[in-house]
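**Student:** What follows is a structure written as structure tokens; I'll ask about it next.
The values are calculated or read from the model by the stated rules, or taken from the named source; none is laboratory data. Note that the structure is a prediction, hence the values are computed from the model and not measured. Methodologically, a virtual Cβ is constructed for each residue, glycine included, from the backbone with ideal geometry; neighbour enumeration extends over all protein chains shown. When the accessible area is computed, the model is the full protein with side chains, heavy atoms only, and any ligands, DNA or RNA have been set aside. Shrake-Rupley method; radii C 1.70, N 1.55, O 1.52, S 1.80 Å.
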Amino acid sequence: MAEVRLQKAMADAGVASRRASEKLILEGRVKVNGVVVKELGTKVKGDDAIEVNGTLIERERNKVYYLFYKPRGVISAVKDDKGRRVVTDYFEGEKNRIYPIGRLDYDTSGILLLTNDGELANLLMHPRYKVDKTYVAKVEGLVQSDDLKRLRKGVKMKDGHYSARAKAKVISSDRAKNHSIVSLTIHEGRNHQVKNMFEAIGHPVMKLKRETYDFLTLKGLTSGQYRELSNEEVKTLYENARKNSKLK
């Protein structure tokens, strides 16, 4: 039976990044088969029981990766206490315990990744990982060149934070209906990020869709559909994440 380093097994299970897992090990907060382990070189097998802070972690045997076209009106979670539909409801035949990487708002549609690979999820969600995500927004009012300049420079949002520089362009404007369609590319992931940015320039979002995530697109999918990522796509995500976040 193949063995892997303890910190990798923890990262794969979604406990924390490898570096954070190493810290937990050194602090004596990890047990293997009931014994506290503090050695970073420790290796574990698939049937070894790993506890972190007294809780047994769930280890996945098979890694799966999906690109999902999330519809509007669906929660980016594995369950909802209000009984609303969640993204994993679309994967009823999937036997592995999968979860979304990051989230899209309830009323936002578009590309969302789901996996059971905790290491990749941690890398992609790390604040230093500057993955480009492109959104297409229908907003109130006619967006002007000065508005685009503000988005490209960074705007102060209602939480007091300034957004990073973004790529922004107007796709179309409808004077009669007084709205604009704008493409916005960002690499941040704060809660309601895109909506808050448009609100900051006086153009509230009416409808929002995420069209790309890094190099991945929705090509070939319609709302509610999904596909598995290829081995090459997964490899590229790992390479980009490690390069941009400088994590090992």
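**Student:** Check residue 110: other-chain or 5+ apart residues with amide H under 5 Å from its amide H, H built from backbone geometry?
**Tutor:** 70, 210
**Student:** Cut-off 10 angstrom, C-alpha nodes, Gaussian network model of the chain. Which of 131, 234, 35 fluctuates the most?
**Tutor:** Of 131, 234, 35, the most mobile in the Gaussian network model is 35.
**Student:** Further, regarding this structure: For region 186-243 and region 82-113, what is the centre-to-centre distance using only Cα atoms, to the nearest Å?
**Tutor:** 14
**Student:** Points 7 angstrom from Cα along the Cβ direction at residue 227 and residue 4: gap in nanometres?
**Tutor:** Reported label-point gap for residue 227 and residue 4 is 2.6 nm.
**Student:** Shifting gears a bit: Label-point separation (nm) for residue 130 and residue 177, each offset 7 Å from Cα along Cα-to-Cβ?
**Tutor:** Roughly 3.6 nm, to one decimal.
**Student:** Output wanted: per-residue J couplings in Hz (rounded whole) for region 64-78, from phi through Karplus 6.51 cos²θ - 1.76 cosθ + 1.60, θ = phi - 60°, x for Gly and Pro.
**Tutor:** Once rounded to whole Hz, the list reads 10, 9, 10, 10, 10, 8, 6, x, 5, x, 10, 7, 7, 7, 9.
**Student:** Can you work out the accessible area per residue across the chain, with the rest of the protein chains kept in place, probe 1.4 Å, in square angstrom?
**Tutor:** 54
**Student:** Which GluC sites (Glu not before Pro) in region 90-180 pass both tests, a DSSP loop state and at most 14 other beta-carbon atoms within 10 Å?
**Tutor:** In loop regions of region 90-180 (DSSP not H, G, I, E or B), the sparsely surrounded GluC sites (Glu not before Pro) are 92, 94.
**Student:** Would you grab the residues whose amide H sits under 5 Å from the one on residue 75? Only those 5+ places off in sequence or on another chain, please, with H modelled 1.01 Å from N.
**Tutor:** Close amide H contacts, sequence-distant or interchain: 85, 86, 87.
**Student:** Which entry is the computed P(r) over Cα pairs in 10 Å bins from 0, in percent for this structure: (1) 7, 31, 32, 18, 9, 3, 0, 0; (2) 6, 22, 23, 16, 14, 10, 4, 3, 2, 1, 0; (3) 7, 27, 30, 22, 10, 4, 1, 0?
**Tutor:** Label (3) holds the value from this structure.
**Student:** Which value, in Å² rounded to 10, gives the accessible area of residue 69 with a 1.4 Å probe and all protein chains present?
**Tutor:** Accessible area of residue 69: about 30 Å².
**Student:** Further, regarding this structure: Ignoring everything except DSSP H segments at least 4 long, calculate the 222 nm mean residue ellipticity for the chain; use -39,500 (n - 2.57) per segment, divide by total residues, nearest 500.
**Tutor:** My calculation for the chain gives -6500 deg cm²/dmol from helical runs alone.
**Student:** What does the charge count around residue 210 come to, taking other residues whose C-beta lies under 9 Å from its C-beta (Lys +1, Arg +1, Asp -1, Glu -1)?
**Tutor:** With Lys, Arg at +1 and Asp, Glu at -1, the neighbours total +2.
**Student:** Which of these, 47, 89, 81, has the largest mean-square fluctuation under a Gaussian network model of the chain (Cα springs below 10 Å)?
**Tutor:** Comparing 47, 89, 81 in a Gaussian network model of the chain, the most mobile one is 81.
**Student:** Toward the positive end of the charge dipole of region 66-146, about the Cα centre and with charges on Cβ (Lys, Arg +1; Asp, Glu -1), which of 143, 73, 98 goes farthest?
**Tutor:** After comparing all options, I get 98.
**Student:** Near the amide H of residue 217, under 5 Å away, which other amide H atoms are found, from residues 5 or more places off or on another chain, if H is placed in the peptide plane?
**Tutor:** none
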